[in-house]
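Notes follow once the structure below has been shown.
The values are calculated or read from the model by the stated rules, or taken from the named source; none is laboratory data. These numbers were taken from a predicted model, which means no experiment stands behind them. A quick note on method: Cβ atoms are made from the backbone with ideal geometry, for glycine too, and the neighbour counts reach across all protein chains shown. Accessible surface areas use protein heavy atoms only, side chains included; no ligands, DNA or RNA. Shrake-Rupley method; radii C 1.70, N 1.55, O 1.52, S 1.80 Å.
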Amino acid sequence: MKEIWDLYKSGGWEVPFLTFSIYLFVTASFILYLIIVASRNNKIKKERLTKEYSTIIDKVMSDIIFGNIPFSKIKEDKNFQVLFDTSFFREVLTESLINLHKNYEGIYAEKLERFYEDSGLIKSSFKKLKSLRWEVKCKGITELAEFNIKGAFDQIIICSKARNKTLKIVAINACIKLEGTQSIQYLVQHSDPIDDWMQLNIIGAFKKHDIGDTEGIEHLLESQNTTVITLGLKLIKELKLSQKVPQVAQLAAQTTNAIIKYEAQSILQTLTA
């Protein structure tokens, strides 16, 4: 320690330290500059490729929807097959499929769903569910839910128990879209707190997907999780489920939780007004 202290007092360390700091700063700045340039060039390249791919994809989608041409016929085109083997092309193709599927119904939507499965894009979506990155998982869940892949329900419901709030919301919304009120049984058993933001998203999912069958929503009132009970009360209120009044009245009479009792009584007044 004495040698270090003597060196410090002598001041002989100042010049080497400052020289090292300057070199370190210059090197770090240069590396950061290279990273920014590379990132910018990569973004420009992707934008250019997206425009090029969109022209090809538009023609393929037109053949699929209006020409009744199956994927097995389309993949015979060698140029298309070369592009299809690249991951970025498949990403652009999947996004185009999703955008189209949102705007089509009936037989046209079914054709897009068939293409999604026949082309193997569904496998890429399932693969994303195994990713360690939550944003990649969200993308896979969104894709599978959009194309109504009910076979993905069991894997998606596992994601609804994740720690990441965004992933949890996306997974729950997807389950509601795929199975409607059948997903209620999993919400009843949900042990984690469902905060106000998640509740708003779940209610929004029920409204967005126009869940006609509301049978089972009352089971949320039987949960041991008070936030799930609150969610059930809000759903009954927002969806104006006056047929659930007996269950709400029973909850108001039996619960010992003052907040739940007040909410239940308030909803009873609203539904019976």
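Below are the figures for this structure:
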| quantity | calculated |
| --- | --- |
| Tally of residues being in a helix (DSSP H, G or I), polar (S, T, N, Q) and modelled with pLDDT under 90 across segment 142-160 | 0 |
| Test: residue in segment 161-170 that is at pLDDT 90 or above, surrounded by 17 or more Cβ atoms within 10 Å (Cβ to Cβ) and under 20 Å from LYS137 (Cβ atoms) | yes |
| Qualifying helices (runs of 4 or more DSSP H) (wholly inside segment 34-104; at least 2 residues being under 24 Å from the mean Cα position of the chain (by Cα) and at pLDDT 90 or above) | 87-103 |
| Subset tally (residues that are free of Cβ contacts under 8 Å to residues at least 24 places away in the same chain and among the basic types (Lys, Arg)) for segment 157-207 | 1 |
| Answer residue from segment 128-141, given it is open to solvent by 70 Å² or more (accessible area, probe 1.4 Å) and part of a helix (DSSP H, G or I) and is nearest to GLN182 (Cα to Cα) among those | LYS139 |
| Test for SER125: is it within 14 Å of the chain's Cα centre (by Cα) and surrounded by 14 or more Cβ atoms within 10 Å (Cβ to Cβ) | yes |
| Number of positions in segment 99-122 that are open to solvent by less than 20 Å² (accessible area, probe 1.4 Å), among the aliphatic types (A, V, I, L, M) and touching a residue at least 12 places away in the same chain (Cβ under 8 Å) | 2 |
| Total residues in segment 238-271, condition open to solvent by 90 Å² or more (accessible area, probe 1.4 Å) and part of a helix (DSSP H, G or I) | 6 |
| Residue within segment 65-76 that is out of contact with any Gly (no Cβ under 6 Å at 6 or more places or on another chain), small (Gly, Ala, Ser) and more than 23 Å from ILE149 (Cα to Cα) present | yes |
